[in-house]
Amino acid sequence: MTPGPRHVPPLEAACGGRGVQKAFSIENRRFGRYLRSVRESRRLSLDAVEEMSTGYPERITKSHLSRIENGQAVPTFPRMFALSEIYGVPVSSMAERFEIDLKHGMLSATIQGKSREEAEEEARKARRAGHYREAVGLYEYLMDRCAEQATLETLLGWRLRRAYCLLGLERYSAAKEEFEYLLNNKELSQIQRVQALECLARCCRRTGRFTIALMAIEQARKESRELDDLPSGTAITLFSVHGEVLSALGRADEACSVFDEAFTALEGASESFNLAHLRISHSSALIQADRLDEAKRALERVLSANKDRGFDRLDAIALANLGLISFKQNQLENTEAYCIRSNQIARPHEYISVVFQNCFYLWRVSEARNDRAGVVSNEKTLKTLLRRVGDSEEAEIFRAHLSGVKA
């Protein structure tokens, strides 16, 4: 998998029109290599794919498929759909891969020339900050340019972190495909398996596959007990995702019990990125259980501990949840202030679910104030983002609104 870019100036300004053309040519070859690897893993020849594509809206000739695989052409969507059917790969996953690969060329020119150490450190900082597009590009650079100096465990670690960033970008199909690939790799270390299972559970939770998510969590817990020294960060994330899945299932009290268990086990632990994530997940369960004042205190603690640490995504989520709490407490001015502050962080980094939640409550505030312009503006944003967000209470209510059903 390869990344989409963060917002950067046009590449023409950085390296000229030829640089753009070259960058996208490289990414076309990258996507073509991916398609070839999928075809070969299915033991299909070019002739076989051509024959199997008969009957689809756009037939795929072996010569055209060869050109696609060599980066000399790109598939139309009807041809991509045909390939997804023939190869048994979800078209959403293939389309996400195609989009990410094309966008990678816009970022790659800004990465060239970095040493392995520089790229690793920048990737770590970008991942912690929630700048996932930049982080994915850096991990791709490491895998492309530094593979010869790295051990297999290191290479798999880079790929695992890249997949985690795809999850952060809400490219759930592409991320799920990556985690499943990694879990099928016999060279994955035991700790990497636990981390991949935890991330797969997050993916499944986001796409409504709760049974699979719980199975993945249970397997991760089982395998983690076999480790002599489980990193505290991994232990924290296992608690987080377990609580998140229970919350998504509407079992808020059980989720709160899981979080209470986590804080007891982690008593005395210093504030960290993973612990901040745990507190935010806990706050969501507390909100669901209508323990709003407790949730507010947890979120304020996160924002205080995160000050000047650059954890942009966590700050955006914490502010968004404070906006949600304020709305439930009928504090419209506070709702507006928190949601606007959250969007100032979330919009530039395309934290789609966070922006959707903020705009939903800004929409509700505008309705309460009879602010017609605000209602129309936020409705427009919500309609644009609706197809890109997973299941949530806000999305369900807005879909019901669009269909004329009273929520």
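Starting from the stretch 170-186, take each residue that is assigned by TED's automatic domain parsing to the domain that holds Tyr351 and list its partners that are part of a helix (DSSP H, G or I), counting only C-beta distances under 8 angstrom and pairs at least six apart or across chains.
none
Here are some conditions: (1) out of contact with any Phe, Trp or Tyr (no Cβ under 8 Å at 6 or more places or on another chain); (2) at pLDDT below 90; (3) under 20 Å from Ala174 (Cβ atoms). Val8 meets all but one. Which one does it not meet?
Unmet condition: (3).
So Cys165 fits all but one of (1) touching a residue at least 40 places away in the same chain (Cβ under 8 Å); (2) outside any helix (DSSP H, G or I); what number is the exception?
(2)
Scan the stretch 328-356 residue by residue and report those that are touching a residue at least 24 places away in the same chain (Cβ under 8 Å), among the charged types (D, E, K, R) and in a helix (DSSP H, G or I).
Answer for the stretch 328-356, where residues must be touching a residue at least 24 places away in the same chain (Cβ under 8 Å), among the charged types (D, E, K, R) and in a helix (DSSP H, G or I): Lys328, Glu336.
Tell me, yes or no, whether the stretch 270-293 has at least one residue that is surrounded by fewer than 20 Cβ atoms within 10 Å (Cβ to Cβ), closer than 30 Å to Ser377 by Cβ, modelled with pLDDT of 95 or more and not assigned by TED's automatic domain parsing to the domain that holds Gly243.
No, the stretch 270-293 contains no residue that is surrounded by fewer than 20 Cβ atoms within 10 Å (Cβ to Cβ), closer than 30 Å to Ser377 by Cβ, modelled with pLDDT of 95 or more and not assigned by TED's automatic domain parsing to the domain that holds Gly243.
So which residues in the stretch 116-137 are touching a residue at least 12 places away in the same chain (Cβ under 8 Å) and over 16 Å from the mean Cα position of the chain (by Cα), if there are any at all? Steps first, answer last, please.
As a first pass, look at the stretch 116-137 and keep what is touching a residue at least 12 places away in the same chain (Cβ under 8 Å): 116, 119-120, 122-123, 125-137.
Arg116, Ala119, Glu120, Glu122, Lys125, listed by residue number.
For the stretch 235-269, give me each residue that is over 25 Å from Gly390 (Cα atoms) and either in contact with an Asp or Glu (Cβ under 8 Å, 6 or more places away or on another chain) or of a type outside the set (Gly, Ala, Ser) (or both).
Asp260, Glu261, Phe263, Thr264, Leu266, Glu267
Any idea how many residues of the stretch 130-162 are outside any helix (DSSP H, G or I) and of a type in the set (Gly, Ala, Ser)?
2
Count, please, the residues in the stretch 137-173 that happen to be over 18 Å from Cys199 (Cα atoms), surrounded by fewer than 20 Cβ atoms within 10 Å (Cβ to Cβ) and of a type in the set (A, V, I, L, M).
Residues in the stretch 137-173 being over 18 Å from Cys199 (Cα atoms), surrounded by fewer than 20 Cβ atoms within 10 Å (Cβ to Cβ) and of a type in the set (A, V, I, L, M): 4 in total.
Looking at Leu230, Leu197, Leu182, which is the one that is surrounded by fewer than 24 Cβ atoms within 10 Å (Cβ to Cβ) and either in contact with a Phe, Trp or Tyr (Cβ under 6 Å, 6 or more places away or on another chain) or in a helix (DSSP H, G or I) (or both)?
Leu182
Taking into account only those residues within the stretch 218-266 that are of a type in the set (A, V, I, L, M) and under 18 Å from Leu188 (Cβ atoms), which is modelled with the highest pLDDT?
Going residue by residue through the stretch 218-266, those that are of a type in the set (A, V, I, L, M) are 220, 227, 230, 235-236, 238, 241, 245-246, 248-249, 252, 255, 258, 262, 265-266.
Subset that is under 18 Å from Leu188 (Cβ atoms): 220, 227, 230, 238.
Values: Ala220: 93, Leu227: 86, Leu230: 79, Leu238: 89.
The extreme case among them is Ala220.
Is there a residue in the stretch 62-74 that is surrounded by fewer than 15 Cβ atoms within 10 Å (Cβ to Cβ) and under 26 Å from the mean Cα position of the chain (by Cα)?
Taking every residue of the stretch 62-74 in turn, none turns out to be surrounded by fewer than 15 Cβ atoms within 10 Å (Cβ to Cβ) and under 26 Å from the mean Cα position of the chain (by Cα).
Hey, Val389 hits all of (1) among the hydrophobic types (A, V, I, L, M, F, W, C); (2) part of a helix (DSSP H, G or I); (3) closer than 23 Å to Ser281 by Cα but one; which does it fall short on?
For Val389, the failing item is (2).
Can you list the helices (runs of 4 or more DSSP H) found entirely within the stretch 241-327 that contain at least 2 residues being over 25 Å from Ala216 (Cβ atoms)?
292-306
The values are calculated or read from the model by the stated rules, or taken from the named source; none is laboratory data. Keep in mind that what you see is a predicted model, and the values were worked out from it rather than measured. So basically every Cβ, Gly included, is an ideal-geometry build from the backbone, and we count neighbours across all protein chains shown.
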